[in-house]
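The values are calculated or read from the model by the stated rules, or taken from the named source; none is laboratory data. Predicted model, so just to flag it, every value in this text is computed and none were measured. Neighbour counts are summed over all protein chains in view; Cβ atoms, including those assigned to glycine, are modelled from backbone coordinates with ideal geometry.
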Amino acid sequence: MDVLEVINTEVLVIGGGGAGLCAAISSKKEGAEVLLISKSRPGRANNTAISGGSFSASTGLWDECDTPEQHLSDTLVAGRWINRPEMVRTMTSGAQEQVKNLLSYGVPLQKKDNGKLRIISLPGHSVARNVVTEKSFGTDFTLPLFNIAKNLGVNFLAGVFVVRLCRGEQGDITGALIIDPARKGLILIQAKATVLATGGAGQIYSQTNNAPGTTGDGYALAFRLGVPLIDMEFVQYYPTCLLKSSLVKTMVIYEILVYWGGARLLNSLGENIALRHGLKDPSNMTRDALTLAIAKEIKEGRGINGGVWMDLSTIPEDKIKHFQKFIPRGLNGRDRFLVAPVAHFFMGGLLVNEQGETGIEGLYSAGEVNGGVHGANRLGGNALTEAWVYGDITGRLAAQYTRRKKGISSIENLQAIIKDLESYTEGKGQLSVEEVRRELQHLMWEKAGVIRTREGLCGLVSDIEKLKEKLSETKASDFKKLINKLETGNMLLIGEAVVLSALIRKESRGAHYREDFPDEGGEKWVNNTYIKGNDGYEITASINPKSNTGH
């Protein structure tokens, strides 16, 4: 394989969602030359773009007593104390500044008649502090951010896939080797600093509402350089997605329809699921609690075709008109439809410090690819807050780092990377990459989904090893198939990290539920799980005391 082109830049940003765009903007404003690369079009086809268009910020507009410290406290309580407090403090203390930034970028935030921002309340937050966009949709954020970045002079390269991050002879980051399927070849990007903003890994599950490209690439890229993964057992499931066959499941926002509107979730016997599981106070109806309640109803035979009813008949007629835009298209006029949980967000991720520094010189990361902020369960609205705050910080730090760095180091092992990549094109097996991927997604949902057991997880470890062998035997006859194979390899690696972390945590906490250990454990479990690898990428899991640094 030949390198078709070498591109030089000061800061390389990988990922075209909210965190990546914010990093590119702040880096460019700091004076750096910036290139943002992404698998899909920047600002579209990522999880920020398909989000519900709200984020958390302690503005004090609803309750003047609300402060970043109160926001921090709510986040720690929701995360069941697994969160790393210094990272949470970075997010909550920087949120208000990001409100001002977003307004200056032209993001259309909802305002009241008096001109003040409209603030809504979501479960788990002690006060109303969630800011919403006019259309309540993620592109309200991403399209203005893309336009600002473009106008500032950020360079973009879309439709490409990152094979490996490259290191210099001193161990620092020197850029990335990428595949450009349109040009049918490799491109080497040489950069002084790199920001990972690649999102999570929802696509390792058969049931997810994540964008199609959310395959854990950032986790795998940094992990292969030695950055540990933490808390990978904590996968958030959104409890109420429309139960129909589609590539991306449609969220039915229960925080609006149930929490605000008074809709009910009913099992096959017509029983109110929230009441049946002790969630009488709507403010306690957090995503982890409601997901588990619904999953238990389905598993115990009180579901309906794998889901439960979302019943709108109890919403007063004068209210239902205000909620029409939150009811999926094609369902307006119906007073009930089936919903079920799906994989939604990864609380775990890369071990970084409170500034998004990975411990590898020149490598930063922002957004869902990081672990540490959300602990065992994420509060609604905190994902985008993390993306804005950490995107802004890491972009700025990356630009400042490039001013101190005299030049780009020689790449340590480029030919070895290319040789390893060429081995992926060789294969004699009859199984296709797509079949391996589908089998992984199905097994992850069945054995490492909402309800987990030791037996299922142990079986899944063996299953993943067999799938690795099957993948190695598949043939990648063109660059698109090669990308598919590399992506699936990343998914297998991250799936294994989730499973090993879930096995080692012998308790139930937040979004992690072990049927064989159904209760939250004691103080010894208020620690992070660590996934580390060796040169052969073999991984081990351990429980480590929470540290105050990512270095």
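Take segment 268-322 and flag every residue that is modelled with pLDDT under 90, assigned to a helix (DSSP H, G or I) and not hydroxyl-bearing (Ser, Thr, Tyr).
Matches in segment 268-322: 282, 284, 317, 318, 319, 320, 321, 322.
Residue by residue through segment 193-228, note down the ones that are in a loop (DSSP other than H, G, I, E, B), more than 26 Å from residue 446 (Cβ to Cβ) and among the aliphatic types (A, V, I, L, M).
The answer is 197, 225, 227.
What are the residues in segment 129-161 that are small (Gly, Ala, Ser) and either outside the structural domain of residue 36 (by TED's automatic domain parsing) or in a loop (DSSP other than H, G, I, E, B) (or both), if any?
Residues satisfying the conditions are 136, 138, 153, 159.
Sort out which residues of segment 20-38 are touching a Leu at 6+ places or on another chain (Cβ under 7 Å) and polar (S, T, N, Q), and write them in order of number.
Matches in segment 20-38: none.
Specify which of the listed residues (73, 51, 104, 27) is in contact with a Gly (Cβ under 6 Å, 6 or more places away or on another chain) and modelled with pLDDT of 95 or more.
It is 27.
Of everything in segment 97-112, what is assigned to a helix (DSSP H, G or I) and crowded, with 16+ Cβ neighbours inside 10 Å? Give them in sequence order.
98, 99, 101, 102
Is it true that residue 390 is assigned by TED's automatic domain parsing to the domain that holds residue 207, of a type outside the set (Lys, Arg) and farther than 30 Å from residue 517 by Cβ?
yes
In the set 409, 432, which member is in contact (Cβ under 8 Å) with a residue 24 or more places away in the chain and buried (at least 18 other Cβ atoms within 10 Å of the Cβ)?
Checking each option against the conditions leaves just 409.
Are any residues in segment 103-120 touching a strand residue (DSSP E or B) at 6+ places or on another chain (Cβ under 7 Å) and in contact (Cβ under 8 Å) with a residue 60 or more places away in the chain, and if so, which ones?
Passing the criteria: 119, 120.
Within the group 331, 397, which residue is farther than 21 Å from residue 285 by Cβ and in a loop (DSSP other than H, G, I, E, B)?
Only one candidate passes the filter, namely 331.
Among (1) in contact with a Pro (Cβ under 7 Å, 6 or more places away or on another chain); (2) small (Gly, Ala, Ser); (3) closer than 22 Å to residue 449 by Cα, which single condition is residue 283 missing?
(3)
Among 541, 476, which is outside the structural domain of residue 82 (by TED's automatic domain parsing), among the small types (Gly, Ala, Ser), in a strand (DSSP E or B) and at pLDDT below 95?
From the options 541, 476, the qualifying one is 541.
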